[in-house]
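Written below as C-alpha cells is the structure these notes are about.
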Amino acid sequence: MLVALDGTVLSVAQPSLQRDLGASTAQVQWTSTGYLLAVAALLVIAGRLGDRYGHRRLLFTGVLGFAAASAGIALAPGAGWVIALRAVQGVFGALLQPATLALLRLTYPADRLGAPVAIRTGAIGVAAAAGPLLGGVLVAHLGWRSVFMVNVPVAFVIAALTLAVRTPAPPRDGSRQLDLAGAALLATVLAFLVHTLADVPERGWTGAPTLLGLAATAGLAAVLVMHESRAEHPIVPSAVARSVPVTASMALLLVTTGGMFGALFVATFFLQDVLGLDPTGTGLRVLPLTALMVLGAPVAGVALRRYGPRRTATTGTVLVVLGIATLSRLGPTSGWPAIGVAFALLGAGFGTVMVTATGTVVGDAPPGYEGMVGGLKQTAMNVGPTFGIAVAAGLTVLGPSAAGSPATSIPGMGTALLALAGLAALGLLPALLLPRGRTAGQQARRDTVSDAASAGAPQASADCSRTGLRAPVAGEAVRPDL
C-alpha cells in the first residue's frame, strides 16, 4: 500500500517539482524511470535474500530505507538528487514488496490465503485511488516536497508493526545460497527490458534504440538461461521453474496487467483529449474501476475457495477482455453509463485475477522459496504494465489532431484497444492451466497434516499450531471447505 500510494501521488507532484527545481522534461521522466528500473531489476533477488536472511528483516530494512530515501527527496536541492534518491527508493521498495507476500504465506495456511490476499488487493486499490486526491491536496497546500515526507510516518508505523510479527527462522542450508553471477545477469536483463519498453512511447517500436535494446535483452537472456542451467544454485530454482501453478500465474499476471494498463493509458488520453475532461473529471469517470476492484476482491477470495483457481481466473480474465473491448467502442458522444460499465468490468475482472493469481502463487510456493516467488510475481506486475503501455503507444497517434483542442478521436485508438483486449485474452491459456481445486502444493501439505493426525502423531498438533491449522483427530473427516 505504501508503494502504491507513493507511485500515484508522484504523478500529481511532478509538474510542481519541475517548476521548483527547473528540471527538464527528461529529468522529470527519470524520476519515474529510475525508480522503475531499480524495482524491476531487484525484486527476485530481494525475494531470495528474504528466503535466506528472513522476510521480517528484509521488510523492516525496506520500509526504513524507503522512509530515509523519501525524506532525502523532500530535502533534495536539485533534480539530479531527486533522480538518484528515487533510484535508492526503488532499491528499498524492491526489498519490501516480496517480503509482504512471503509473510502472508508464513502466517496463514495455504488454503486460508484467500481473505488476506483479498484485503491486500483491496488496500492497493484504495491507495491507487486515494493517491491523486491526497497528492493534489498536499501539493496545493504544502508543496511537492510534502508528498514524499508523508511516507516517513507511514513507514515508521509499518516498521513497528513488522517487529510484532513472528515467523519461523530461515533455514541455513546451502540451497539458499545466492548465485551472484546469476543475480547480476537477471538484474541486467530486467533493467534492459524495462528501460527499452519505457522508451517505446517516445522512440517507437522500430526506432534504432528500441531494436538495439530488445536485441541486447534477448542476448543477455540467452546468456542467463545458459548460466542457470549449469549453476549449482540457480537464481530461479527448478522447484519453482517446474511448478505449473506458479509459472501459469506469472504468465496470467503478465498479459492481464499489460492489457489493463495499456487500456488505461489510451483511455486517459481519450477522456481528457476527446471528451475534454480535467484530471478530476477523469478520476471520477475511472472511479468504478477502483470501486469494483476494492469491493470485488473479497468476493474473488470466496470464489477462489469455492470454485478453485481455474474457473475464478478464467472468469476474471473474460471480464478484463470485455472491459477493454467496451472501451474500444467509446466515442465523443459516449456518456457516463457506457464509460462506467467499461471501467466496472475492468475493475471486477482485474481484482479477480489479482486475488486468484496471487493466492495461487504464494500458496503453491515451494517451502523456503516464498520470497523468491513473491519477487517473480511482483516482477510480472512491473513488466506487464510497461509492455502494455508500449503496445498502446505504438498503435496510437498522439499528434496535434489527437492531443489538440477540440479533438474528435484519437487515431488508432480502436485498433490499439482491440490489440490490448487480445493481449489480455492470452491470459485464458495460462488460466486454463491452473488447478481446478487446490494446487498440488496446497493439497500435499494438507495430506501430510491429515495423515499425521490419523496416525496419532503428536507432532501434527504442534505443526498445526505453528501454521494456524486445527489438527483433525483420528477418524475425523477433513472438512473440504478448509
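Here THR333 meets the list (1) out of contact with any Asp or Glu (no Cβ under 9 Å at 6 or more places or on another chain); (2) touching a residue at least 24 places away in the same chain (Cβ under 8 Å) almost entirely, failing just condition (2). So, in the stretch 287-316, how many residues would count as being within 18 Å of the chain's Cα centre (by Cα) and small (Gly, Ala, Ser)? Result for the stretch 287-316: 6. Of the helices (runs of 4 or more DSSP H) lying entirely inside the stretch 1-110, those containing at least 3 residues that are on the phi < 0 side of the Ramachandran plot, modelled with pLDDT of 80 or more and of a type in the set (Val, Ile, Thr) span 25-53, 55-74, 79-107. From the list THR268, THR333, THR247, the one residue that fits, being surrounded by fewer than 18 Cβ atoms within 10 Å (Cβ to Cβ), more than 21 Å from PRO385 (Cα to Cα) and among the polar types (S, T, N, Q), is THR333.
With respect to LEU161, is the statement that it is modelled with pLDDT under 85 and either in the same structural domain as ALA40 (by TED's automatic domain parsing) or within 29 Å of LEU292 (Cα to Cα) (or both) true? Walk me through how you get there before you give the answer.
Details: modelled with pLDDT under 85: no; either in the same structural domain as ALA40 (by TED's automatic domain parsing) or within 29 Å of LEU292 (Cα to Cα) (or both): yes.
No: the conditions fail for LEU161.
Just to verify a result, which residue in the stretch 111-127, among those that are closer than 14 Å to GLU370 by Cβ and crowded, with 22+ Cβ neighbours inside 10 Å, is modelled with the highest pLDDT?
Restricting attention to the stretch 111-127, the residues satisfying the condition of being closer than 14 Å to GLU370 by Cβ are 113, 116-117.
This time we only want the ones that are crowded, with 22+ Cβ neighbours inside 10 Å, so: 113, 117.
On the way: LEU113: 68, VAL117: 77.
Looking at the filtered set, the residue picked out is VAL117.
Of the residues making up the stretch 204-230, those that are surrounded by 15 or more Cβ atoms within 10 Å (Cβ to Cβ) and closer than 21 Å to LEU376 by Cα are LEU214, THR217, LEU220, ALA221, LEU224, HIS227, GLU228. Criterion applied to LEU161, LEU190 was being closer than 25 Å to THR33 by Cα and either of a type in the set (Ser, Thr, Tyr) or assigned to a helix (DSSP H, G or I) (or both), and the one residue passing it is LEU190. With respect to the conditions (1) among the small types (Gly, Ala, Ser); (2) at pLDDT 90 or above; (3) within 24 Å of the chain's Cα centre (by Cα), ALA222 lacks only one, and its number is (3). I'd like to know if the stretch 46-64 contains one or more residues that are free of Cβ contacts under 8 Å to residues at least 12 places away in the same chain, in the same structural domain as PRO15 (by TED's automatic domain parsing) and out of contact with any Asp or Glu (no Cβ under 8 Å at 6 or more places or on another chain). Within the stretch 46-64, one or more residues are free of Cβ contacts under 8 Å to residues at least 12 places away in the same chain, in the same structural domain as PRO15 (by TED's automatic domain parsing) and out of contact with any Asp or Glu (no Cβ under 8 Å at 6 or more places or on another chain). With respect to THR358, is the statement that it is closer than 25 Å to ALA431 by Cβ, assigned by TED's automatic domain parsing to the domain that holds PHE269, in contact with a helix residue (DSSP H, G or I) (Cβ under 6 Å, 6 or more places away or on another chain) and without any contact (Cβ under 8 Å) to a residue 40 or more places away in the chain true? Criteria not met by THR358.
Taking the stretch 9-29 as the range and being under 28 Å from LEU186 (Cβ atoms) and surrounded by fewer than 20 Cβ atoms within 10 Å (Cβ to Cβ) as the test, the residues that pass are ALA26, GLN29. Only one entry of VAL139, VAL154 meets the criterion of being at negative phi, at pLDDT 85 or above and in the same structural domain as THR107 (by TED's automatic domain parsing), and that entry is VAL154.
The values are calculated or read from the model by the stated rules, or taken from the named source; none is laboratory data. Predicted, not measured: the structure shown is a model, and the values here were computed from it. All Cβ positions, even for glycine, are placed from backbone atoms using ideal geometry, and neighbour counts span all protein chains on display.
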